[in-house]
1. Could you please find all residues in the stretch B:35-73 being open to solvent by less than 80 Å² (accessible area, probe 1.4 Å) and either of a type in the set (D, E, K, R) or part of a loop (DSSP other than H, G, I, E, B) (or both)?
2. Do you know which of the residues in the stretch A:30-41 that are farther than 14 Å from A:L61 by Cα and over 13 Å from the mean Cα position of the chain (by Cα) is farthest from the other protein chains (Cβ to nearest Cβ)?
3. Search the stretch B:111-140 for residues that are free of Cβ contacts under 8 Å to residues at least 24 places away in the same chain and open to solvent by 50 Å² or more (accessible area, probe 1.4 Å) and pair each with any residue that is in a helix (DSSP H, G or I) and among the hydroxyl-bearing types (S, T, Y) when their beta-carbon atoms are under 8 Å apart and the residues are at least 6 apart or on different chains.
4. Need the failing condition index for B:I160 against (1) within 14 Å of chain A (Cβ to nearest Cβ); (2) within 21 Å of the chain's Cα centre (by Cα), just the number.
Amino acid sequence: MFCPPFGKEAIVKNNIRVERAILNITQAELADRIKVSRQTINTIEAGKYVPSTVLALKIALVFAKPVEEIFFLEEED
Amino acid sequence: MYGLPYICVKQTLHTMKPRFLLEHSFKRIGWLLLFPAIVLGVAVLHFDFEINGFEIHAGEGFFMEGKPLNNLTGELAFVLVLAASFMVAFSKEKIEDEWVSRTRLESLQWSVYVNYALLLFANLFLFDGNFFIIMVYNMFTILFFFIGRFNFVLYVLPAIRKGGDREK
């Protein structure tokens, strides 16, 4: 797992788009399963919003993977 | 370890329960009421519109007995505009989740900033009657800016973003 070095800005990225493609579900279907709005999934996927731990855990449950495989830190471009 | 049924059980863990918000159905009522209310308000403010028979009179034994003191059309317009914009601004969304709550609070801050920036500008460059008109509008503009910004971020921005890339 990639760990950003100290002193450098790290941002949270996610794999939701890829994971959705694997399950073959739309943003709306994913939103429906975890009882959030479609726009919320849209903004998370676009990297505009980092969800709370609760929501991140729920998303990970849908994809049946650990949270770290869906959300991870990356160095800022 | 991981599985879907878990989600239903843990639903109660959902954070940031919306507080002090009206039910979602009020939003529609608010929108329906808002435009007639604004038209009435503008008519009162700029064209001195008054509904006949809407005056209040001084009671018996009081100064100016029986004379009309005030026409209540302005008060009616104020109440209608305030009630309608309040309903539009502070009704729950269909799905009120954490991002919606966050956007709501952010938009509220944004609208206060914009409102006071414009008020500062008006204070410096407008005088007398013009400034009075601005003050009247200013009673509602925080709510109007909020409504505009909140709905833009909630419905317009995701649509633009979605148009740029393919879903699924």
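The values are calculated or read from the model by the stated rules, or taken from the named source; none is laboratory data. Values in this document were obtained by computation on a predicted structure and should not be read as measured data. Neighbour counts run over all protein chains shown; Cβ positions are idealised from the backbone, glycine included. Surface accessibility is based on the protein's heavy atoms, side chains included, excluding ligands, DNA and RNA. Shrake-Rupley method; radii C 1.70, N 1.55, O 1.52, S 1.80 Å.
1. Across the stretch B:35-73, the qualifying residues are B:I51, B:G53, B:F54, B:E55, B:G59, B:G61, B:G66, B:L72.
2. Of the residues in the stretch A:30-41, the ones farther than 14 Å from A:L61 by Cα are A:36-41.
Subsequent filtering for residues that are over 13 Å from the mean Cα position of the chain (by Cα) retains A:36-39.
Values: A:V36: 4, A:S37: 4, A:R38: 8, A:Q39: 4 Å.
The residue in question is A:R38.
3. Note: pairs meeting the criteria are B:L118/B:T141.
4. Condition not satisfied by B:I160: (2).
Residue-wise test of (1) out of contact with any Gly (no Cβ under 9 Å at 6 or more places or on another chain); (2) over 29 Å from B:P158 (Cβ atoms); (3) among the hydrophobic types (A, V, I, L, M, F, W, C).
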{"residue": "B:N71", "(1), (2), (3)": "yes, yes, no"}
{"residue": "B:A84", "(1), (2), (3)": "no, no, yes"}
{"residue": "B:D97", "(1), (2), (3)": "yes, no, no"}
{"residue": "B:F121", "(1), (2), (3)": "yes, yes, yes"}
